[in-house]
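The values are calculated or read from the model by the stated rules, or taken from the named source; none is laboratory data. None of the values given here were measured: they were computed from a predicted structure. For neighbour counting, all protein chains shown are included, and Cβ atoms are generated from backbone atoms with ideal geometry for every residue, glycine included.
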Amino acid sequence: MTIKYRKIDMNKVSKLYSDPAQPISNIAGKFDVDRTTIDRWAKKFNLDREKPKSTKPHFEGEIALFKKEWASKDMDYLRNKYKVAYNTLRHWASDLKARRSIELLNRSFFNSELDSEGNNDIEDLGYSEILEIMKNQNKALRKLAVNSSELKVNIDSKVPILVVFSADWHLGDIGTDYESFDKDMNTIRDTKNLYVYLGGDFFDNFIKFESMADGAINQEPILLQRHLTHEALKMIRSKILAIGTSCHMYWTKKQVGFDDIKEWAKGLKVLYTGHGGLLNLKVGQQVYTIFRRHKYRFNSQYSPLHSAKQLLRMGVTDAEVLVLEHWHVPGKEEFYWADKKRVALRPGTYKEYDEFALEHGFYGARKACPAVILFPDEHKILAFLDMYDAIECLNGLYGNIIKQK
């Protein structure tokens, strides 16, 4: 085996070694050797290393200046001024309780700025400094990513209102009933005293999942799906109480980290409840509680609204109106829990033909937007499986107070 020896310029080693501000480990790194090799060379070649004069701040003014510079200056500046190694500066900062500014730390974190020795501020940060960065980034990210779990809406009305629950549009699929969708959107837009709480799965959005290839091959271009959804939301914007997301919509965020629905809600200036949350809806003098999720656990093939009741049993919410989506099979059930009348609802879907459902033996998908009538002067809820029945009932009882324009 042949061993190749590199020719080392000892003059360069000697020059670096004589500088007390140069850490031995950095000198070793420059020549790609271990620090023990540098120590051995120093003994063999009688290399001199000047004993550093202490430049550590001692007096009140010096300490104040060091703290100020530690908070605002980069490491190269500090090393050149104080003629000590980076680790020495860190020890001083720890002893003197000096703190780097968050702006400086963030700049180093995001830009990966290196000093002349190839060090990054972040690489050698202490516990408290890293924690400070993480806490501040966490606050910023929470504002962007975390949704409110409880919201309030006030409708100043002297007459009963109608709240419709619509979800699982699945625009873009060949099995979607666009005629019914168009009729419902126009009815929602044109009917007075009618409001809508929108769930998720507005469009198919099969962007990756090979296991759902049946859906992917039957969808129209996602660009058209997204655009039609956005235009529909703009069309009924004045009627939207809140809007949430779902599994199909969340695939985009899983792939690219971007929440389409949240950004649309922000642009339309409507409330966003994400995967689910509690809506406190004040109508006149009455406050009604509505809890909506796209999916929940504890489902039953025999009772489509079993999981809605489990929301109460598991202590997730104490809402009066419980809305779950996703199954595509509409449902309505009224019952009492803890001496309160409750209403459990499931919207249907416009995607009445679904090869994925047929393959796996799911039946019963049909279109329906459940609705509740809420009264302003007494605490009373009337529930309906379909919004057109609710419109007919309210018009019959109150003389066309919500007749279409």
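Is there a residue being more than 20 Å from Cys247 (Cα to Cα), assigned by TED's automatic domain parsing to the domain that holds Gly348 and part of a strand (DSSP E or B) anywhere in the stretch 173-193? Yes; the residues of the stretch 173-193 include at least one that is more than 20 Å from Cys247 (Cα to Cα), assigned by TED's automatic domain parsing to the domain that holds Gly348 and part of a strand (DSSP E or B). Residue-level check: of (1) surrounded by 21 or more Cβ atoms within 10 Å (Cβ to Cβ); (2) in contact with a His (Cβ under 7 Å, 6 or more places away or on another chain); (3) under 22 Å from Asp182 (Cβ atoms); (4) not aliphatic (A, V, I, L, M), His248 misses just (2).
Checking each residue in the stretch 139-150 for being surrounded by 10 or more Cβ atoms within 10 Å (Cβ to Cβ), part of a helix (DSSP H, G or I) and over 11 Å from the mean Cα position of the chain (by Cα) picks out only Ala140. Restricting the stretch 342-352 to residues that are in contact with an Asp or Glu (Cβ under 7 Å, 6 or more places away or on another chain) and not small (Gly, Ala, Ser), the residue that is farthest from Ser180 (Cα to Cα) is Arg342. Restricted to the stretch 73-83, and to residues there that are within 14 Å of Asp19 (Cα to Cα) and touching a helix residue (DSSP H, G or I) at 6+ places or on another chain (Cβ under 8 Å), the residue that is modelled with the lowest pLDDT is Arg79. Please determine, by comparing only the residues of the stretch 43-90 that are of a type in the set (S, T, N, Q) and farther than 20 Å from Ser14 by Cα, which one is surrounded by the fewest Cβ atoms within 10 Å (Cβ to Cβ). Per the criteria, the residue is Ser54. Residues in the stretch 72-86 that are in contact (Cβ under 8 Å) with a residue 60 or more places away in the chain and either in a loop (DSSP other than H, G, I, E, B) or among the aliphatic types (A, V, I, L, M) (or both): Lys83, Val84, Ala85. Might you let me know whether the stretch 18-31 holds any residue that is crowded, with 16+ Cβ neighbours inside 10 Å, at pLDDT 80 or above and hydroxyl-bearing (Ser, Thr, Tyr)? No, the conditions are met nowhere in the stretch 18-31. Are any of the residues in the stretch 359-373 closer than 26 Å to Phe203 by Cβ, part of a loop (DSSP other than H, G, I, E, B), among the hydroxyl-bearing types (Ser, Thr, Tyr) and touching a residue at least 60 places away in the same chain (Cβ under 8 Å)? Taking every residue of the stretch 359-373 in turn, none turns out to be closer than 26 Å to Phe203 by Cβ, part of a loop (DSSP other than H, G, I, E, B), among the hydroxyl-bearing types (Ser, Thr, Tyr) and touching a residue at least 60 places away in the same chain (Cβ under 8 Å).
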